[in-house]
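Asks: Shown below is the structure under consideration.
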Amino acid sequence: MFIINYLQKLDFITNRCNIFARKRVFLLNPKKYSTKANQLNENDLIKGCINNDVYCQQVLYEKFSPKMMGVSLRYCNSKMEAEDVLQDAFIKVFDKIKTFKGEGSFEGWIRKIVVFTALKSNDKRVRKFEPGNLDNIQEQSLESKAISNMETANLLSILQELPEGYRTVFNLYAIEGYSHKEIGTMLEVSDVTSRTQYSRAKLYLIKLLAKYGIQRI
């Protein structure tokens, strides 16, 4: 399935991302605390962060920032912007961590904060969405084998070539799993516009696959 392959490749990419932001939030030496870090479980880290334990904040950041950097990159136009979003998101994580009730995945809770922080960053630019109209759009599919044929390093860069509106809706729907109604509310557009943007995003991706000689089989 296309989405499964896509997620697997993104996980591979994010594990190789540079986790050091331009403005470091933390300055602790990870080697000094590496042994102790292995002894802490997720609940210990959460409790420590609630108590403003700087060491626990450091360990939590280093644990989740590589994957969250990958999430941020998918919504931003540059690595510099993605690093700023990541830093702002983790500041929010530590500020709001006491509100986490333990319901569902903690990683998913962090991811949601990163996504909403990225969307807020996008709002600082003028983001245009074309009016929704599905009448003249032919539904297209993206086969998983086509994605498998892509070099992992090229996947994220290809997605970055999508127009910002297309990329945002594609990420929210195909990757984050939001419904078009939810996306419409988040972006202040109609659910029809969200559906249109997603359909056009798929068409655009198919053209990009053809551009780079990746066959849809």
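Asks: Taking the Cα-to-Cβ direction at Glu42 and at Tyr212 and moving 7 Å from each Cα, how far apart do the two end points lie in nm?
Replies: With each label point 7 Å from Cα toward Cβ, the separation is 3.2 nm.
Asks: Measuring from label point to label point, each 7 Å out along Cα→Cβ, what is the Glu161 to Asn52 span in nm?
Replies: Reported label-point gap for Glu161 and Asn52 is 4.9 nm.
Asks: Among 79-85, 55-61, how do they line up from the highest to the lowest mean number of other beta-carbon atoms within 10 Å?
Replies: 55-61, 79-85
Asks: Sticking with this one: Calculate, in nm to one decimal, what Lys112 and Asp95 gain on full extension: separation in residues at 0.36 nm each, minus their alpha carbon distance.
Replies: 4.7 nm
Since every read-out is calculated from the coordinates, none of them should be taken as a lab result. Remember, predicted model here, so these are calculated numbers, not experimental data. Backbone-built Cβ (ideal geometry, glycine too); neighbour counts: all protein chains shown.
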